[in-house]
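The values are calculated or read from the model by the stated rules, or taken from the named source; none is laboratory data. A quick note: this is a predicted structure, and the numbers were derived from the prediction, not measured. So basically every Cβ, Gly included, is an ideal-geometry build from the backbone, and we count neighbours across all protein chains shown.
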Amino acid sequence: MPIYDVVKFERDLDDWLLYKYPETEFNTKSKLIVSTSQVAILVHNGKIEKICEEGKYNLDTELLPFVKEFVKMMHGGKNSYPLEIYFLNKRIKLDFLWGTTDPIVILDPIYNIQLKIRARGQLGIKLNNYQFFIEGLVGSLMTNSYVSYKQVSVFFRGLLNQKIKKVLSSYMLQNKISYFEINTHLDEIEKAFFDEIKDEIVKLGFSLINMSVESINVPDDNLNELNKILHKKVEYEQLGDNLYRTSRGYDVLEAGAKNNSSVGSIIGLGLGGDIVNGSRTNSIIPNSPQQEANDEIVCPKCNTKVPSGSKFCPNCGEKLETYCPHCGAKLTSVGKFCSSCGKKLSD
């Protein structure tokens with residue numbers, strides 16, 4: 001090693017957080033240069049001896065008292081002593097990406113449909129606790145003499161996913177927020193994320209500067225199902241109960257006709273009755289005379305209330321008007337078939 005060796009970070013590394021200087025033997029003539037936004041950690045025998053901020057340093061006995069033991073054996077400053085030097089990046093990392101690796105399964109509190117929600121965004125972090133990072137994490141993260149933010153991202157992934165799933169599911173369920181309303185609550189969700197993970201980030205030697213949510217989304221099949229439910233809800237609110245049920249009944253009938261399916265398999269269409277085996281039973285047209293006749297009819301001669309379906313008044317013997325049980329039309333003559341719809345009349 002040259003007597004006047006200069007130690008500084010000169011590697012062209014992208015996204016670097018820590019770099020270990022390759023040489024480990026130094027002497028009292030060596031100089032250390034720490035550039036802007038860097039810090040150098042000097043480690044001897046596994047113990048951190050000095051943390052050097054931006055500036056120039058002589059690696060002599062004033063900076064490293066333990067060197068005195070080596071000086072006794074030195075001749076002209078040529079004898080060396082072992083030392084590990086780590087350079088750390090002090091810059092704030094604003095584009096630290098996070099995202100859910102697996103979808104978060106949540107029951108939408110408004111539409112009662114199971115959703116598979118994914119979320120992603122960015123963090124702003126900065127390494128603060130240099131000693132903890134060197135002593136606790138470097139051995140787990142370092143490959144090829146340096147640690148990148150990408151490696152830290154992989155290390156943080158499990159923690160971030162766990163916290164994000166907890167916050168998002170709790171926020172939606174407790175506040176009864178549908179997926180369609182999430183975008184209007186992003187500020188509150190971001191704050192909840194920040195508060196949940198900031199202490200955990202500090203425990204790992206970093207400080208959390210900011211956190212942003214770029215996207216919260218669901219698969220297309222989930223979104224299509226939600227849209228169908230929403231459209232039905234809007235249609236129901238606009239048409240009202242009776243018209244909505246009638247409209248839906250016609251839709252089902254039309255679909256059945258297109259599929260050549262048996263209309264008799266469709267029950268309860270909201271059209272005034274059921275359709276069984278191709279025939280309509282108990283078919284009632286709203287506000288028709290038959291609807292009134294389903295309860296009682298009044299004898300036109302003596303005004304006695306008579307059960308519907310009666311042919312003669314039990315009080316005066318007057319012949320009563322009857323209606324077709326299929327279409328509700330008034331029957332003007334006695335016959336086996338209705339003159340209005342052609343259906344067979346009951347005996």
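Observations on the model:
- So Ser140, is it part of a helix (DSSP H, G or I), in contact (Cβ under 8 Å) with a residue 24 or more places away in the chain and either assigned by TED's automatic domain parsing to the domain that holds Pro22 or among the hydroxyl-bearing types (Ser, Thr, Tyr) (or both): no
- Counting only residues that are of a type outside the set (A, V, I, L, M) and closer than 16 Å to Tyr130 by Cα, region 22-58 holds 10 of them.
- Which listed residue, of Leu59, Leu83, is modelled with pLDDT under 90 and either of a type in the set (Ser, Thr, Tyr) or touching a His at 6+ places or on another chain (Cβ under 9 Å) (or both): Leu83
- Of the residues making up region 120-131, those that are not in a loop (DSSP other than H, G, I, E, B) and not aliphatic (A, V, I, L, M) are Arg120, Gly121, Gln122, Gly124, Lys126, Tyr130, Gln131.
- Within region 96-131, restricting attention to residues that are more than 27 Å from Cys52 (Cα to Cα) and among the β-branched types (Val, Ile, Thr), the residue that is surrounded by the fewest Cβ atoms within 10 Å (Cβ to Cβ) is Thr101.
- Hits in region 204-227 (condition: touching a Leu at 6+ places or on another chain (Cβ under 8 Å) and without any contact (Cβ under 8 Å) to a residue 60 or more places away in the chain): none
- Every listed requirement among (1) free of Cβ contacts under 8 Å to residues at least 60 places away in the same chain; (2) of a type outside the set (Ser, Thr, Tyr); (3) within 30 Å of Lys232 (Cβ to Cβ) is met by Val167 save one, (3).
- Subset of region 140-157 that is of a type in the set (Gly, Ala, Ser) and at pLDDT below 85 - its residue that is farthest from Ile189 (Cα to Cα): Ser145
- Meets criteria (outside any helix (DSSP H, G or I) and acidic (Asp, Glu)) for Asp199: no
- Residue match in region 157-165 (condition: surrounded by fewer than 17 Cβ atoms within 10 Å (Cβ to Cβ), in contact with a Gly (Cβ under 9 Å, 6 or more places away or on another chain) and basic (Lys, Arg)): yes
- Of the candidates Ile229, Ile209, Ile134, the single residue that is assigned by TED's automatic domain parsing to the domain that holds Leu123 and assigned to a helix (DSSP H, G or I) is Ile134.
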